[in-house]
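Scroll down for the structure; my scribbles are underneath it.
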Amino acid sequence: MQLQSIKTAVAISWILVIGVGGLVSDVRSLAGWSLLTALALLPPLVMLWQWNAPRPTMSEAIQKALR
């Protein structure tokens with residue numbers, strides 16, 4: 001699986017889990033929904049921004065140069 005696909009799947013799963021948790025816990029106030037929204041969106045955004053592909057190894061760099 002490509003890194004971008006993994007990142008997207010993890011982000012969507014996180015948002016769904018937090019959303020279902022909010023519905024199950026019966027959040028009713030505006031402050032509660034605001035906190036739930038922040039909790040659902042901020043961690044995936046940070047993850048998508050910060051999680052980068054690993055650097056190529058020396059072997060991969062040599063193989064790329066030889067092609």
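Does region 3-66 come out rounded, prolate or oblate, given a ≥ b ≥ c as the square roots of the eigenvalues of its C-alpha gyration tensor, rounded meaning a/c under 1.5 and, failing that, prolate meaning a/b above b/c? Note, shape of region 3-66 comes out prolate.
Between the Cα long axis of helix 30-50 and the first principal axis of the chain there is an angle of about 0°, rounded to the nearest 10. Model label sites at Arg55 and Trp14, defined 7 Å from Cα along the beta-carbon direction, differ in position by 2.5 nm. Within region 19-62, the chymotrypsin sites (Phe, Trp or Tyr not before Pro) that combine a DSSP coil assignment with at most 16 other C-beta atoms in a 10 angstrom radius are Trp51.
Throughout, read-outs are computed from the coordinates displayed, never taken from laboratory work. If you're wondering where the values come from, they're calculated on a predicted model, not measured in any experiment. So basically every Cβ, Gly included, is an ideal-geometry build from the backbone, and we count neighbours across all protein chains shown.
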